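Inspection log for the structure reproduced underneath, given as C-alpha cells.
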C-alpha cells in the first residue's frame, strides 16, 4: 500500500518472508531510501527516511511479515526568501549602496523637518496680516524642502528597486548553484562545482528540441569545448532525446568530444523545473516554450532566449578558457541578465 500527498510521501510495503530474519538486529534498523514517482510526463525524486520492521506471525510459523514504512516531507523553497549568502554577495558587488541609501534617508528626514517648520511658519504668517510680506519667502523655502524630499525619495526608491532586483537575481543564481548534475553513473555534483571551470548552456524543452540542439552543435563541438562550454540537456516532456554518435574508428576523436560536451544530466527534475519556471515567469516566457540559458564562468546567467542556442554566436563571442588570453578575458562573458 502506498499513499502520497503534495510535497509529502508515505509508503507502506508488506512482504511475506519464508525465513525469519534476525529480529534483534532488524527491529532497530532504519535507512535512507530513494522514492521515485512518474506522472504527467514528470519524474519526481526524493530522499526519504525509512524503517524496516519484521513481525513474526506466530511462534509456530516460519513465515514473517516485513513492513517498510517510509515518509518524507519536502517543502518547496520559498523564492521570496533571500539567503545570507546572496545578501553578502550583494554588499560585495555594491559596497556603497547602503551608504547612499542612508544619506538619502537622512536628507529626506531633514527636508521633512524643514518642511514641517516652514508649514507652521506659513500658517502663522497667513493668520497674521502684519507678517504678510514674509509669506513669499516662507513659501519659497517650503517649496525647496518639498522638492528636496521628492528628489531624495525618488533616488532612495530607485536604489531600493535596484537592490531588490540584484538580491532576487543573486538568490536565483544561488538556487541554481545548488542544483545537482550527474557527470557519470557514480558522480553527482552541484552546479557550483563548475564555477570557474565551465560555461554551462542549459537546453530546456521537449525531447525533439534537445535532439535538434544536439545536432546543430555538431559543427562547433571542438570550438565550444575550447571555450569551456558544457551542455545540460533538460527534457520537459518526459521523453528521452536521441543522441546519435558515430562510433567508427575514424570519427572516434570527435565522438569522444561530442560525448564530453553533452555528458551532463540534471538530477532531481522537480527542483530544476521549479527554477526554470521561475526564470521563464520573470522573463515573461510561456512555461511551454523551449528555451536556452547560457551561464558565465562565475555561474551568472549571461544570455537566454526562446529557441535553439546560437552555437555560432557563442563561438564568436566567448574567449578560450586556456592559453595566453584565458586569465585576461575570464570576465568577458557578456553582461549579466
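General remarks:
- The set of residues in the range 149-166 that are loosely packed, with under 14 Cβ neighbours inside 10 Å and under 26 Å from the mean Cα position of the chain (by Cα) comprises 158, 160, 161, 162, 164, 165.
- In the range 296-314, residue modelled with the lowest pLDDT [restricted to those that are within 15 Å of residue 234 (Cα to Cα) and in contact with a helix residue (DSSP H, G or I) (Cβ under 8 Å, 6 or more places away or on another chain)]: 304
- Qualifying position, being more than 30 Å from residue 283 (Cα to Cα) and in contact with a helix residue (DSSP H, G or I) (Cβ under 6 Å, 6 or more places away or on another chain), among 126, 122, 155: 122
- Test: residue in the range 85-97 that is under 28 Å from residue 168 (Cα atoms), outside any helix (DSSP H, G or I) and free of Cβ contacts under 8 Å to residues at least 40 places away in the same chain: yes
- Screening 251, 317 for residues that are surrounded by fewer than 19 Cβ atoms within 10 Å (Cβ to Cβ) and either modelled with pLDDT of 85 or more or closer than 30 Å to residue 165 by Cα (or both) leaves exactly one candidate, 317.
- Meets criteria (buried (at least 16 other Cβ atoms within 10 Å of the Cβ), under 28 Å from residue 173 (Cβ atoms) and free of Cβ contacts under 8 Å to residues at least 40 places away in the same chain) for residue 233: yes
The values are calculated or read from the model by the stated rules, or taken from the named source; none is laboratory data. Predicted, not measured: the structure shown is a model, and the values here were computed from it. With ideal geometry, Cβ positions are generated from the backbone for all residues, glycine too; neighbour counts draw on all protein chains shown.
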